[in-house]
1. Those residues that are under 21 Å from Glu163 (Cβ atoms) and over 17 Å from the mean Cα position of the chain (by Cα), I need them from the range 178-222; list them, please.
2. Out of the range 96-111, which residues are over 26 Å from Phe6 (Cα atoms) and either touching a Leu at 6+ places or on another chain (Cβ under 6 Å) or surrounded by 12 or more Cβ atoms within 10 Å (Cβ to Cβ) (or both)?
3. Tell me, which residue of the range 174-199 that is farther than 19 Å from Gly229 by Cα and of a type in the set (A, V, I, L, M, F, W, C) is surrounded by the fewest Cβ atoms within 10 Å (Cβ to Cβ)?
4. Say whether the condition of being part of a helix (DSSP H, G or I) and modelled with pLDDT of 80 or more is met by at least one residue in the range 96-112.
5. Would you confirm, using the coordinates I've provided, whether Ala205 is surrounded by 13 or more Cβ atoms within 10 Å (Cβ to Cβ) and of a type in the set (A, V, I, L, M)?
Amino acid sequence: MMLKEFFGSSVEDALEKAAWKLNFDPKALSFTKIPQTFSRPGKGTLVGILVDCDKLPQKSESCDEVKSSVEYENIQGIVDPKERAEKFLAGVLGRMGLDFKIKRMEKGENLVLSVEFGKDQIDIRRAEARELRSSLQFLVNRVLYGQSSEESRVIIDFGGKLEERTEQMKDLARELAESVKKTRRAVNINLMDSQDRRLIHQALAEMKDIKTSGRGEERFRILSIEPAGSDENQKDA
C-alpha cells in the first residue's frame, strides 16, 4: 500500500498539485480528503488529500519518485507499531519545520504520543494548535491503521495536557449527564474535537441510565447524550 499526501488551499488545488506531480489526469486519481484542515500559526490553512498510488490505472514511476510529507513507505520496515507511529509523526512535524520532542506512553489500549514544542513554536492554548493536533491524530491513525480519529489507536497530546483535559472532560460529562437525568431530554453537542468526544464517551460509559452516541462525519460529528431507553422523538434538534 502506498499513500501520498498533498496539500493545497482547497481540495481542487491539492488534487491539481497531485495530478501534476504524478503526471496523471485528476479524474484518474483515487483519493481521500483529510477531514481536518491544517492550520499553522502565521502560515495560513491548508487542505490535505491522501492519494492511493496502488489504484492508479497503471504503474507510475513518478509515484515512487514523489516525496510527499507522509512518505508512508519509509516506515514499512519497522515492526514495532509504537516506533512506527512515533517515527511517522516525527517525520511530519520535522517537515513542517518545527522543533519538538516526542514522549511515548500507554494509556489503556491506546498509545499516547506527547509532543513538547520548542520556545515560540506553537501556542498550545490557541484554537489553531487544537486543530493541528486533531489533524495529526487523524493522519497518523488513517495512514498507519486505516482508521478514523473516532477509532484512534494513537492519541496525540500537545504539551502534556492530556491528563488535565481528561479531567476537564470528566467534569463536563458529569454536568451534562445530570442535566439529561433531570430534564429527561437529550443533549446534542456540535463541532467538538474528536478527542474530547472520545473522553466524554469514556467518562459516561459506565452510567447505566445514560447512553451516548455519535452521528455525522468527522469534524461535523454530533455527540448525543440521552437517557437510556429514551425514544428518538425526545431528542433535541
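The values are calculated or read from the model by the stated rules, or taken from the named source; none is laboratory data. These numbers were taken from a predicted model, which means no experiment stands behind them. Note that each Cβ is placed from the backbone with ideal geometry, even for glycine, and that neighbours are counted across all protein chains shown.
1. Of everything in the range 178-222, those that are under 21 Å from Glu163 (Cβ atoms) and over 17 Å from the mean Cα position of the chain (by Cα) turn out to be Gln202, Ala203, Leu204, Ala205, Glu206.
2. Correct list: Lys103, Arg104, Met105, Lys107, Asn110, Leu111.
3. By that ranking, first place goes to Leu191.
4. No, the conditions are met nowhere in the range 96-112.
5. Against the criterion (surrounded by 13 or more Cβ atoms within 10 Å (Cβ to Cβ) and of a type in the set (A, V, I, L, M)), Ala205 does not qualify.
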